[in-house]
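Here's the structure, in structure tokens; my notes come after.
Readers should treat all values here as calculations from the given coordinates under stated rules, not as data from a laboratory. It should be emphasised that the depicted structure is a prediction, and the values quoted were computed from it without experimental measurement. Note that we place each Cβ from the backbone using ideal geometry, even for glycine, and neighbour counts take in every protein chain shown.
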């Protein structure tokens with residue numbers, strides 16, 4: 001069925017409008033992304049104690065959302081030797097690396113012994129940033145409860161919960 005001239009005109013107008021909208025969105029997203037990346041680089045530079053190496057572009061500055069000025073006092077970066085890494089559930093101590101987390105938990109608990117989640121964290125992982133403690137506890141608790149469901153461990157009720165070999 002051939003298109004009438006009125007329909008063709010409408011389609012051309014819609015085509016033009018959509019292309020202009022796409023171009024506008026692309027420009028906006030690009031400038032906002034550049035602004036966000038500039039902010040992150042500046043923040044990382046500040047944490048590292050190095051002077052900021054990039055200057056945000058004028059488009060990126062205009063695209064930045066207006067936010068309240070930070071009232072936090074800048075802190076001195078800690079020496080690298082004392083900085084703790086964030087928690088990574090896959091980075092188990094070498095003695096347990098050949099095992100999945102659930103099996104490593106079972107290995108960490110000796111027969112006739114019970115351990116809390118925090119004790120298991122100490123046994124299984126190198127020290128990590130305390131900001132990640134909630135995430136670490138959750139990860140170990142999930143794996144330990146999975147071992148309970150499989151019949152490898154038993155849960156001893158209390159505050160805090162403890163786990164023992166079944």
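Couple of notes before you dig in:
- Label-point separation in nm, residue 90 to residue 133, each point 7 Å along Cα→Cβ: 2.7
- Computed from the C-beta positions of residue 107 and residue 45, the FRET efficiency with R₀ = 35 Å rounds to 0.20.
- Between residue 99 and residue 14, the simple label model (points 7 Å from Cα in the Cβ direction) yields a spacing of 6.3 nm.
- For region 110-153, a Kirkwood hydrodynamic radius built from all Cα pairs, placed in the Stokes-Einstein relation at 25 °C and 0.890 mPa s, yields a translational diffusion coefficient of 218 µm²/s.
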